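Structure record follows, encoded as structure tokens.
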Amino acid sequence: MANPSLSEYLAQSQRGLYQSVFGEEYLQKQSYFTVDSATGVFNTTYGRKVWQALNNQTRFFNAIPRVVWGNTAGWRVRTDRGSGRSRPVTETGTLPTVDISNIESVSSLPRIVSTTFGASVKSVFTAQLEGGVGDVLALENENAQLDHIKEINEELLAGGAYLTSAGATTTFTVPAAIAKHFKIGDAVSQYDNSAAGFDRTSGSAVSAVNTSTGVVTVATGTTFADSDVAFIYSRAGMTSIDDVVAEDGAAVGGGGSSRVRAYDLTLGGRTAGDWDAGASVSYNSGTGRALSLNLIDTAIQKIRENGGEPKLILLGHDQYFNMERLLNSSQRYMGQEEYQIGVGSERTYPGTRTGLVLATYQGIPILPDADVAKSVSSADAVLGSNVYVLDTDYLEIAIAQPTQYVENRDYFAANALVVRGLLYTMGEMRCKNIWTQAKIADLNS
């Protein structure tokens, strides 16, 4: 059987769980489709590829415009109009007091995301024999490409602050399903709920993450306890949409608040109402609640009051079905239209960027993505996914270096007879206007 092309493979991952270019019998879980490396080249490589096809969706990444980085390391924002510079003036009255706008600088530097793969010289040879998978290096290259884009999508949707269920000098524990949001190299800070204050106001680097147990290891000098809040102080990877809407004073799991330094903002500067934390965020103190149209309408209203216009409702599949039931029960059926990306006053033709056909609410496309972050309750239970209402006119993925492929066959450097490959992308997600974004958290699934 010939290996499918990358385009065929990507198309299959969007079609559903039980449709496959391999034939439906290969999506039945059989013991001989193992990924145990001890069972040989066929099962290791072929079985891995089949099972990777189950969820390689990267919808949020596809929906945000990509732009060239450009000759910039940031931008400037105007944070106020000046005090008393505009007022009525009578015929003989005095002029308003001269004042100037407050301009702040925002730093945005590119981040690097990398994916590696490899194959031994022996496996490259034996895979070409009868019963093998063909070009094993090309096969792993395809898999690595899928994994690379999936990693970027997960980083863009990573959650930023979670209640801990246990802690020690160098570790803290969160639900296993949440641990993937912490990446090696991230700087994590702590809010001590018992003392009602920040025990650590600067980041402590993450050195290990166990996605099976939920244990995250950080540098020494940070002592976590049960019911503390661990939050990302700064990212090693790309800024997530959850970082964009973060603010001080956020009731995370009924506990403390987040001081995320997205775009290298000063510590403690992200207070509610400031330009850098002006997003509308709706929490419920770590108690799950049902999604309602009132919550969504409020998020839309806040964005419009801040001068924006919602272009996208981003949510998990659980909230998508909840929203569908809400609209059906109210006899307000979802419309169907193709997604359109807008930048300023310009618009793409419908569907030209992503080709996705989406449900809409009040004319706003609804995009479900399996990687959307979930909230955690004050009882350490994983709640439903968050809902984000976004004005994509001010969101972009700036690419400093497009994805590069590097291959190495230096056996002496590797000290082994292996061929190694590397994919890396340099870029960052930018948000030019945080005021026009909104988040709804603490929702039931």
* Does residue 160 meet the test of being over 21 Å from residue 237 (Cα atoms) and buried (at least 19 other Cβ atoms within 10 Å of the Cβ)? -> no
* Structure fact -> Of the listed residues (146, 139, 129), the one being within 30 Å of residue 388 (Cα to Cα) and at pLDDT below 90 is 146
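Give, as residue ranges, the strands (runs of 3 or more DSSP E) completely inside region 313-395 that count at least 2 residues that are over 17 Å from residue 156 (Cα atoms) and modelled with pLDDT under 80.
Numbers: elements: 335-338, 357-361, 364-368, 374-376, 382-385, 387-390.
The strands (runs of 3 or more DSSP E) meeting that bar are 335-338, 357-361.
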* Asked: Out of the residues in region 407-438 that are at pLDDT 90 or above and aromatic (Phe, Trp, Tyr), which is surrounded by the most Cβ atoms within 10 Å (Cβ to Cβ)?
  -> 424
* Starting from region 430-445, take each residue that is farther than 13 Å from residue 306 by Cβ and list its partners that are part of a loop (DSSP other than H, G, I, E, B) and β-branched (Val, Ile, Thr), counting only C-beta distances under 6 angstrom and pairs at least six apart or across chains. => 439/245
* Do we have any residue at all in region 1-23 that's at pLDDT 80 or above and exposed (fewer than 11 other Cβ atoms within 10 Å of the Cβ)? -> no
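The values are calculated or read from the model by the stated rules, or taken from the named source; none is laboratory data. The structure displayed is predicted, hence computed values, not measured ones. So basically every Cβ, Gly included, is an ideal-geometry build from the backbone, and we count neighbours across all protein chains shown.
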